[in-house]
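Data block below; observations after.
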Amino acid sequence: MVNKIKVENLSCYYNKKCVLESLNINVVQNEILSVIGPASSGKTTFLRTLNRMNDLDITYSRKGDVYLDDNNIFDMKMESLRKRVGMLFAMPIPLPMSIYENIIYAPKRLGLITRESYQDTIVEQALKDASLWNEVKDRLNSSATRMSGGQQQRLCIARILAVNPEVILFDEPCSGLDPVSTAKVEESMLELKQKYTIVLVTNNVKQASRVSDRTAFFLMGKLVEIDKTARLFVSPKEKATEDYITGRFG
Amino acid sequence: MRKSLDAVIETLIFICGMLSIVFVVLIFGFLFKEGFAFFKDFGVLKFITGQFWYPSSEPASFGILPLILGSVLVAVGACLIAVPIGIMTALFISEIAPKGVRDVLKSLVELMAAIPSIVIGFVGMVTVVPLVKNIFNLSTGLTAFAGAIMLAFMAIPTIVTISEDAIRSVPWQYKEGALALGATKWQTIRRIVLKAAMPGIIAAIMLGIGRVIGETMAVMMITGNAAHIPRSIFDPVRTMTATIAAEMGETVRGGMHYRSLFAIGLVLFIITFIVNFTADLFLGKKKNR
């Protein structure tokens with residue numbers, strides 16, 4: 001077990017109000033770690049700290065350290081951190097361009113394309129990895145905004161894969177999707193686990209139990225419990241965890 | 001009782017709504033009537049392509065090519081100055097400036113739109129005109145270039161406010177998505193924000209152009225009023241609007257000269273109509289998406 005991400009004593013604040021309190025948590029390489037918890041438990045704040053998306057918010061401040069492969073992420077350049085730690089949002093928002101351009105956008109900006117002919121390969125591989133290739137291979141040049149919700153979300157996954165990150169953060173990726181599309185996204189997650197490390201924030205407790213290796217339960221800005229998913233769902237140590245996963249509150 | 005009051009108010013509102021349409025149609029009809037009477041006597045082609053504007057000599061020559069070129073030269077010059085400055089200001093206000101600066105800048109730009117054109121013309125005459133004369137070592141500073149600078153000042157507020165709206169209405173998630181992929185702030189602005197806001201920005205530019213072409217007082221004071229075909233932007237020019245304003249007082253009502261000015265008005269009307277129509281096309285495209 002190699003720790004990919006180490007979080008040490010992390011506290012986060014919005015306008016001086018503490019939303020995440022002295023968090024210590026590790027993410028193991030090639031695992032899916034899901035984070036569950038009721039609203040305002042700090043799980044999204046935690047996720048958005050990992051690739052420093054929160055830094056865009058001027059009311060946000062933090063204490064503590066986060067290490068990615070032993071490098072402190074707060075010392076890294078934001079762009080290179082986000083290249084290594086990709087993020088998928090709750091709402092699938094394709095950029096306003098074609099399917100092809102959506103995927104090639106980031107590799108181009110980041111200067112990852114050395115040869116012009118290489119582009120097609122990147123696009124095809126990314127779409128295949130996101131299990132979208134067969135559905136869109138004949139209309140790569142049509143607008144991405146015309147796809148269905150589930151396809152858009154998988155396009156967003158493909159877009160992240162094209163940059164070849166090490167960690168992918170999923171922020172409630174299926175909250176707007178129907179059960180069939182959800183199943184497809186979950187399927188791609190399980191496949192992606194072979195190559196990437198995944199952190200999944202979800203409101204869907206069942207989803208956490210379906211896909212993740214370990215599950216962390218957050219409540220009111222604190223980590224209550226973290227354990228192997230199989231164990232946490234069968235015999236949680238804390239009363240609050242049990243209440244939440246059995247649907248008694250939250 | 002209540003029902004009849006309702007009907008009265010409804011009719012009143014209907015009439016007010018119709019009035020604006022009626023006015024436009026009346027103005028257009030009037031321009032057409034006088035303009036066409038002139039075209040019948042003089043000829044459209046000769047009017048538009050004629051190189052000499054000598055309305056009061058014998059025989060009179062009514063060629064408005066110099067006036068059209070004057071208007072176009074000033075308008076193009078103004079756009080070259082106003083468009084980049086306007087768009088960058090809009091970007092600064094909506095994307096880069098801290099909140100305090102943004103509010104101040106926004107109200108200042110709106111204030112700029114409220115300056116009467118005669119004041120801009122006056123200020124331009126005593127400041128920009130001598131400056132242009134000295135810098136470029138010209139015999140007179142009253143040139144198309146000076147006019148373009150002052151007109152740019154008048155177009156900038158329009159361009160800034162409308163493009164700023166367009167840029168602000170780009171969904172926040174686009175920016176977040178691009179940033180999360182590791183794009184820098186500038187890459188995000190250039191490839192995503194500007195691209196998504198483009199229809200709105202083009203509409204802003206068109207409306208700015210409309211304002212510039214229709215402007216009269218400032219250009220009349222600054223551009224030198226010489227109705228000849230300009231060879232460069234540093235020549236004095238006379239615009240279509242300035243011609244109408246300057247000569248209407250000296251014409252005989254119903255005469256050739258009088259009608260020729262209406263014909264100029266008609267040409268101007270058609271140009272601004274095309275510009276506004278294009279702007280609407282782009283704005284409409286943005287809404288339909």
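Please specify each residue of the stretch B:8-62 satisfying the condition of being open to solvent by less than 90 Å² (accessible area, probe 1.4 Å), outside any helix (DSSP H, G or I) and aromatic (Phe, Trp, Tyr). Listed by number, the residues that qualify are B:TRP53, B:PHE62.
Here B:GLU10 meets each of (1) out of contact with any Phe, Trp or Tyr (no Cβ under 7 Å at 6 or more places or on another chain); (2) among the acidic types (Asp, Glu); (3) touching a residue at least 12 places away in the same chain (Cβ under 8 Å) with one exception, condition (3). Has the stretch A:86-105 got at least one residue that is over 30 Å from A:GLY150 (Cβ atoms) and β-branched (Val, Ile, Thr)? No, the stretch A:86-105 contains no residue that is over 30 Å from A:GLY150 (Cβ atoms) and β-branched (Val, Ile, Thr).
The residues in the stretch A:171-188 that are in contact with a Pro (Cβ under 8 Å, 6 or more places away or on another chain) and either of a type in the set (Ser, Thr, Tyr) or in a helix (DSSP H, G or I) (or both) can be counted, and the count is 1. Taken over the stretch A:87-125, the criterion of being of a type in the set (A, V, I, L, M, F, W, C) and either under 19 Å from A:ALA183 (Cα atoms) or free of Cβ contacts under 8 Å to residues at least 12 places away in the same chain (or both) is satisfied by A:LEU88, A:PHE89, A:ALA90, A:MET91, A:ILE113.
Restricting B:LEU80, B:LEU108 to residues that are on the phi < 0 side of the Ramachandran plot, of a type outside the set (Asp, Glu), away from every other protein chain (no Cβ under 14 Å) and free of Cβ contacts under 8 Å to residues at least 12 places away in the same chain narrows the list to B:LEU108. B:ILE233 falls short of the stated requirement of being more than 10 Å from chain A (Cβ to nearest Cβ) and buried (at least 23 other Cβ atoms within 10 Å of the Cβ).
Here A:ILE198 clears all of (1) assigned to a helix (DSSP H, G or I); (2) of a type outside the set (Gly, Ala, Ser); (3) crowded, with 19+ Cβ neighbours inside 10 Å except the condition numbered (1). Applying a threshold of 6 Å to beta carbon distances and a minimum spacing of six or more residues, or different chains, the list of pairs starting in the stretch A:44-59 at a residue that is surrounded by fewer than 22 Cβ atoms within 10 Å (Cβ to Cβ) and ending at one that is among the basic types (Lys, Arg) reads A:ASN54/A:ARG48.
Let's see how each residue does on (1) within 30 Å of B:TYR258 (Cα to Cα); (2) in a helix (DSSP H, G or I):
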{"site": "B:VAL72", "(1), (2)": "yes, yes"}
{"site": "B:LEU80", "(1), (2)": "no, yes"}
{"site": "B:ILE85", "(1), (2)": "no, yes"}
{"site": "B:LEU111", "(1), (2)": "no, yes"}
{"site": "B:LEU142", "(1), (2)": "yes, no"}
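Every residue in the stretch A:35-57 that is of a type in the set (A, V, I, L, M, F, W, C), within 11 Å of chain B (Cβ to nearest Cβ) and either outside any helix (DSSP H, G or I) or over 17 Å from the mean Cα position of the chain (by Cα) (or both), please. Selection gives A:LEU56 alone.
Please verify whether the stretch B:183-200 includes one or more residues that are within 14 Å of another protein chain (Cβ to nearest Cβ), over 19 Å from B:LEU69 (Cβ atoms), open to solvent by less than 40 Å² (accessible area, probe 1.4 Å) and among the basic types (Lys, Arg). No, the stretch B:183-200 has no match at all. The single condition among (1) within 13 Å of A:GLY221 (Cα to Cα); (2) open to solvent by 50 Å² or more (accessible area, probe 1.4 Å) that A:ASN30 does not meet is (1). Within the stretch B:154-181, residues that are closer than 18 Å to B:ARG211 by Cα and away from every other protein chain (no Cβ under 14 Å) sit with their Cβ atoms under 6 Å from residues that are open to solvent by 40 Å² or more (accessible area, probe 1.4 Å) and modelled with pLDDT under 90, at 6+ positions apart or across chains, in these pairs: B:ALA155/B:ARG211; B:PRO157/B:MET112; B:PRO157/B:ALA113; B:THR158/B:LEU207; B:THR158/B:ARG211. Taking the stretch A:61-86 as the range and being more than 14 Å from chain B (Cβ to nearest Cβ) and either more than 13 Å from A:VAL167 (Cβ to Cβ) or not in a strand (DSSP E or B) (or both) as the test, the residues that pass are A:SER61, A:ARG62, A:LYS63, A:GLY64, A:ASP65, A:ASP69, A:ASP70, A:ASN72, A:PHE74, A:ASP75.
Just one residue in the set A:TYR100, A:TYR105 is among the aromatic types (Phe, Trp, Tyr), under 30 Å from A:LEU127 (Cα atoms), in contact with a helix residue (DSSP H, G or I) (Cβ under 8 Å, 6 or more places away or on another chain) and more than 14 Å from chain B (Cβ to nearest Cβ); that residue is A:TYR100. Here A:ASN203 clears all of (1) of a type in the set (S, T, N, Q); (2) farther than 30 Å from A:ASP120 by Cβ; (3) in a helix (DSSP H, G or I) except the condition numbered (3).
Of all residues in the stretch A:133-184 being β-branched (Val, Ile, Thr) and touching a residue at least 40 places away in the same chain (Cβ under 8 Å), which is surrounded by the fewest Cβ atoms within 10 Å (Cβ to Cβ)? Step by step, filter the stretch A:133-184, then rank; the result is A:THR145.
Filtering the stretch A:131-170 to residues that are more than 11 Å from A:PRO94 (Cβ to Cβ), outside any helix (DSSP H, G or I) and within 14 Å of another protein chain (Cβ to nearest Cβ) leaves A:ALA162, A:VAL163, A:ASN164, A:PRO165, A:GLU166, A:VAL167, A:ILE168, A:LEU169, A:PHE170.
The values are calculated or read from the model by the stated rules, or taken from the named source; none is laboratory data. As the structure is a computational prediction, the values presented were derived from the model and not from experiment. Glycine gets a Cβ as well: all are built from the backbone with ideal geometry, and neighbour counts include every protein chain shown. In case anyone asks, the SASA skips ligands and DNA or RNA and just uses the protein heavy atoms, side chains included. Shrake-Rupley method; radii C 1.70, N 1.55, O 1.52, S 1.80 Å.
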